[in-house]
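Scroll down for the structure; my scribbles are underneath it.
The values are calculated or read from the model by the stated rules, or taken from the named source; none is laboratory data. Predicted model only: the values in this text are computed from it and were never measured. Methodologically, a virtual Cβ is constructed for each residue, glycine included, from the backbone with ideal geometry; neighbour enumeration extends over all protein chains shown.
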Amino acid sequence: MLAALRCVIHRDLLLAVRRSSDVLTVLLFFVIVVSLFPLGVGPDPALLRTIAPGVIWVAALLASMLALQRMFASDYADGTLEQMLLGATPLGMTVAAKVLAHWLISGLPLVLISPVLALQFDFPQELLGVLALSLALGTPVLSLIGAIGAALTLGLRGAGALLSLLVLPLYVPVLIIGAGAAEAATSGMGGHAQLLLLGALLIFAGAFAPWAAAVALRISVE
Amino acid sequence: MSINWFKYSSPQTFFPLAGKLALGFGVLALLACGVGLYLGFFVAPTDAQQGEAYRIIFIHVPAAWMSMFLYLVLAFWAGLGLAFNTRLSGMMASAIAPTGALFTFLALWTGSLWGKPTWGTWWVWDARLTSELILLFLYFGFMALQAAIDDPRRADKAGAVLALVGVVNIPIIYFSVKWWNTLHQGASVSLTKAPTMAATMLTGMTVMAFGFWFYSIAAALMRARCIMLERERASEWVADYARGSA
Amino acid sequence: MGKKAGTPSLEALDLHCVRGERKLFGALNFTLRGGGLLRIAGANGSGKTSLLRIACGLLEPTRGEVRWGGENIQRLQEEFWRQLVYIGHANAIKDDLTAAENLHVACTLAGVPRRPARIGEALRRLGLAGSENLPARVLSQGQRRRTALARLALSEGIPLWILDEPFAALDAAAVEDVRGLIAEHLSRGAAVILTTHLEAKITTAAALRIDLEAA
């Protein structure tokens, strides 16, 4: 079974490398959205410092959602998804592997570039770690929850907008806790409680979301 | 006992029963709402701090209760349909959704109306109102997903998965919003700090809640009848009904 | 000469299928044993693909059940799918992977990883020698279909093959190749279900035929 899972991850990574424009556009979207906020609210450093965690988190949310389209849609279109449903490994595990690959391609780059963007907002340097860690724990949760939405909206008209409507309300707790971690750090309370909560959410989502997404995939492929 | 249960699990037999129940509950709803509004607007005493404006609470709170309760009922029926592959359960879930969304909107609107005279703003990022807003999005998501799927079976099943995921998330959403609210104390005012409850106030709200509940049942059953007619339009009993020989 | 396939036994009991508004078929029964070829015929839109997908377990019938070795396939799940190869209308080929890579992934996911040498052999058998390392994007329709079907040459140990229009979009030589693969597999005691417009012309001891009427 591990061989099959490793094969799925390797396949998705290989596909992303060969079609890297998809991946880069999501990253660029993230950067652009973050840069729009100072243009919208004015360059006052104190204001920017306050809104930095929130802005970066919202942008990460939106970028994550944009990337969700890619998770199952192309496999559904060329028939490879069906073959996964008929595979030798339980579908929940295959989905978990796909989500991991998806996060490595779309989530991890966001985590890595976030400190640079936070510096644009004059975010305190010593707290960049907390912000990056909150994103590192939170973006996988976004991918996991998003997988359920992506599976439910497979092949539907207007899937993109519908996916956002389905998934954004479910993202709210992650946003609140994730942005809260960095904010708590800036007010000197450390972000530990929030980070632990994010960890708990990650474990919870990791246990249940792949299975829910698998059920949704079977429904959509019928 | 089990025979009775399954007798009404087919649209054909449930259809006439639903009609009768809807009528009955509709009448009860009118009565209960009438009594509740009377209690709320005429009998309950004026509040010391908030004056007459607080009376909107008699609509706001029962509507909020209903919005949450209906989501649970929706998820229950949807889950049942998913687990046992019964047609009627899925139809009930779809029938409940718009009424649930209506009550959520009502709760939000009355919350806003309450906020203006009491706190001076049309919207307050209070924990409960914010949770209600997210609940409204959950309802819309459910309805939008079902509207986007042509095949009724897939629509029922997909809606069920979404509703169940939503139900699991609601406590998480509520607690995280509550926490967010307490962290950002600053400008926040809480609509949950309602005036201390006189007995008549509580009775009034409870009666209104029942009124809303009866209305929801009546509305959901009526809607379910329409859904049954639409989905089963190819079958004989619908043709008979249309011809008038029900 | 390949491995002897396990003894297959697929039963369909009282299958009904309603898609959207239309009832495609009802009260359908069949039993398929080792060495048996089931051909499903019918006009376009009569439900052939739906029946195949029900037999695979991708689609749930409106009523009735499918059993493998006496047990409902929905309960068996992966146990059943490990003994099945399904090649549908879609080729299940990623454009950005080479033919060889595509087959490697397909076999690994099916639980039977194959060495590159075997994969090369399979591709050569379907007339794709020289195209193993080209991205599938540049292959023609017929070549892509043959890549998908090359999986059959790697599945001699799988007791049940379910094929949707395996001969479509193939030239005469390729049709012969595929016919040969199917005949070989049947002689190993495996079972094959297929839909096709062409006459199967595959002689086998047990040949079943189901005709679906267009509703």
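Can you give me the ranges of the helices (runs of 4 or more DSSP H) entirely in the stretch A:95-208 with at least 2 residues that are at negative phi and within 14 Å of chain B (Cβ to nearest Cβ)?
Working: elements: A:108-120, A:128-152, A:159-186.
The qualifying helices (runs of 4 or more DSSP H) are A:128-152, A:159-186.
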Quick check on the stretch A:64-85. Is at least one of its residues within 14 Å of another protein chain (Cβ to nearest Cβ), touching a strand residue (DSSP E or B) at 6+ places or on another chain (Cβ under 8 Å), in a helix (DSSP H, G or I) and without any contact (Cβ under 8 Å) to a residue 12 or more places away in the chain? yes
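Taking the residues in the stretch B:109-144 that are assigned to a helix (DSSP H, G or I) and charged (D, E, K, R) as candidates, determine which candidate is surrounded by the fewest Cβ atoms within 10 Å (Cβ to Cβ).
Looking only at the stretch B:109-144, we keep the residues that are assigned to a helix (DSSP H, G or I), and these are B:109-119, B:127-144.
Filter once more, so that each one left must be charged (D, E, K, R): B:116, B:128, B:132.
Numbers: B:K116: 13, B:R128: 20, B:E132: 23.
Ranking the candidates gives B:K116 first.
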Residues that are over 21 Å from the mean Cα position of the chain (by Cα) and at pLDDT 90 or above, drawn from the stretch B:154-181: B:R154
Out of all the residues in the stretch C:102-124, which are of a type in the set (G, A, S) and either within 16 Å of the chain's Cα centre (by Cα) or more than 7 Å from chain A (Cβ to nearest Cβ) (or both)? C:A106, C:A110, C:A117, C:G120, C:A122
Which pairs have Cβ atoms under 8 Å, sit 6 or more apart or on different chains, and link a residue in the stretch B:70-87 that is under 15 Å from A:I219 (Cβ atoms) to one that is crowded, with 17+ Cβ neighbours inside 10 Å and of a type in the set (S, T, N, Q)? B:A78/B:S89; B:G81/B:S89
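More than 11 Å from every other protein chain (Cβ to nearest Cβ) and free of Cβ contacts under 8 Å to residues at least 40 places away in the same chain, is that true of A:F37?
On the way: more than 11 Å from every other protein chain (Cβ to nearest Cβ): yes; free of Cβ contacts under 8 Å to residues at least 40 places away in the same chain: yes.
Judged against the criteria, A:F37 is a match.
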From (1) over 22 Å from A:L66 (Cβ atoms); (2) surrounded by fewer than 23 Cβ atoms within 10 Å (Cβ to Cβ); (3) touching a residue at least 12 places away in the same chain (Cβ under 8 Å); (4) more than 11 Å from chain B (Cβ to nearest Cβ), pick out the condition that doesn't hold for A:W211. (4)
Inter-residue pairs, beta-carbon under 8 Å, first more than 9 Å from chain C (Cβ to nearest Cβ) and in the stretch A:1-27, second among the hydroxyl-bearing types (S, T, Y), 6+ apart: A:L5/A:T89; A:L5/A:T94; A:V23/A:S106; A:V26/A:S106
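Being in a helix (DSSP H, G or I), surrounded by 12 or more Cβ atoms within 10 Å (Cβ to Cβ) and within 21 Å of the chain's Cα centre (by Cα) is the requirement here; does A:V31 meet it?
Details: in a helix (DSSP H, G or I): yes; surrounded by 12 or more Cβ atoms within 10 Å (Cβ to Cβ): yes; within 21 Å of the chain's Cα centre (by Cα): yes.
Considered against the rule, which asks whether it is in a helix (DSSP H, G or I), surrounded by 12 or more Cβ atoms within 10 Å (Cβ to Cβ) and within 21 Å of the chain's Cα centre (by Cα), A:V31 comes out as yes.
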Assess whether A:A97 counts as being more than 21 Å from the chain's Cα centre (by Cα) and either in contact (Cβ under 8 Å) with a residue 12 or more places away in the chain or closer than 23 Å to A:F204 by Cβ (or both). no
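Among the candidates C:L24, C:L32, which residue alone is under 20 Å from the mean Cα position of the chain (by Cα) and hydrophobic (A, V, I, L, M, F, W, C)? Don't jump to the end; show me each part of the working.
Numbers: C:L24 fails: under 20 Å from the mean Cα position of the chain (by Cα).
Within the list C:L24, C:L32, the selection yields C:L32.
Could we say that A:E82 is among the charged types (D, E, K, R) and within 26 Å of B:F175 (Cα to Cα) here?
The answer is no for A:E82.
Out of A:P53, A:P45, which single residue is more than 14 Å from chain C (Cβ to nearest Cβ) and surrounded by 14 or more Cβ atoms within 10 Å (Cβ to Cβ)? Lay out the reasoning, then the answer.
Details: A:P45 fails: surrounded by 14 or more Cβ atoms within 10 Å (Cβ to Cβ).
Being more than 14 Å from chain C (Cβ to nearest Cβ) and surrounded by 14 or more Cβ atoms within 10 Å (Cβ to Cβ) holds for just one of A:P53, A:P45, which is A:P53.
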Where the second residue is of a type in the set (S, T, Y) and the first is more than 7 Å from every other protein chain (Cβ to nearest Cβ) and lies in the stretch B:141-165, which pairs have Cβ atoms under 7 Å and are six or more apart or on separate chains? B:Q146/B:S94; B:G159/B:S94
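Determine whether the stretch B:89-100 contains at least one residue that is modelled with pLDDT of 90 or more, β-branched (V, I, T) and more than 30 Å from B:L17 (Cβ to Cβ). Lay out the reasoning, then the answer.
Step one: list which residues in the stretch B:89-100 are modelled with pLDDT of 90 or more, which gives B:89-100.
With the extra rule that they be β-branched (V, I, T), the set shrinks to B:96, B:99.
After this cut, where a residue has to be more than 30 Å from B:L17 (Cβ to Cβ) as well, the list is none.
Scanning the stretch B:89-100 turns up no residue that is modelled with pLDDT of 90 or more, β-branched (V, I, T) and more than 30 Å from B:L17 (Cβ to Cβ).
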Given (1) within 14 Å of another protein chain (Cβ to nearest Cβ); (2) surrounded by fewer than 20 Cβ atoms within 10 Å (Cβ to Cβ); (3) at pLDDT 90 or above, identify the lone condition not met by B:R231. (3)
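State yes or no: is B:D150 surrounded by fewer than 17 Cβ atoms within 10 Å (Cβ to Cβ) and out of contact with any strand residue (DSSP E or B) (no Cβ under 8 Å at 6 or more places or on another chain)? Break it down into steps so the answer makes sense when it comes.
On the way: surrounded by fewer than 17 Cβ atoms within 10 Å (Cβ to Cβ): yes; out of contact with any strand residue (DSSP E or B) (no Cβ under 8 Å at 6 or more places or on another chain): yes.
In short, yes.
From the set of residues in the stretch C:34-48 that are small (G, A, S) and in a strand (DSSP E or B), which is farthest from C:A183 (Cα to Cα)?
Looking only at the stretch C:34-48, we keep the residues that are small (G, A, S), and these are C:34-36, C:41-43, C:45-47.
With the extra rule that they be in a strand (DSSP E or B), the set shrinks to C:36, C:41-42.
Working: C:G36: 10, C:A41: 19, C:G42: 23 Å.
For the stretch C:34-48, the residue satisfying everything is C:G42.
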Based on this model, can you work out whether C:T31 counts as in contact (Cβ under 8 Å) with a residue 60 or more places away in the chain and either in a loop (DSSP other than H, G, I, E, B) or under 20 Å from C:A207 (Cα atoms) (or both)? no
Condition check for A:D78: among the acidic types (D, E) and over 16 Å from the mean Cα position of the chain (by Cα): yes
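Are there any helices (runs of 4 or more DSSP H) wholly within the stretch C:49-167 with 2 or more residues that are closer than 26 Å to C:D211 by Cα and in contact (Cβ under 8 Å) with a residue 24 or more places away in the chain, and if so which?
Numbers: elements: C:73-76, C:78-81, C:99-109, C:116-125, C:141-149.
Helices (runs of 4 or more DSSP H) meeting the threshold: C:141-149.
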Report the residue count in the stretch C:140-162 for those that are surrounded by fewer than 21 Cβ atoms within 10 Å (Cβ to Cβ), within 25 Å of C:P8 (Cβ to Cβ) and touching a helix residue (DSSP H, G or I) at 6+ places or on another chain (Cβ under 9 Å). 1
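Whether any residue in the stretch C:7-19 is within 15 Å of the chain's Cα centre (by Cα), assigned to a strand (DSSP E or B) and away from chain A (no Cβ under 14 Å) is what I want to check. Break it down stepwise before answering.
Of the stretch C:7-19, the ones within 15 Å of the chain's Cα centre (by Cα) are C:8, C:10.
Filter again for assigned to a strand (DSSP E or B), leaving C:10.
From what is left, the residues that are away from chain A (no Cβ under 14 Å) are C:10.
For the stretch C:7-19, residues within 15 Å of the chain's Cα centre (by Cα), assigned to a strand (DSSP E or B) and away from chain A (no Cβ under 14 Å): present.
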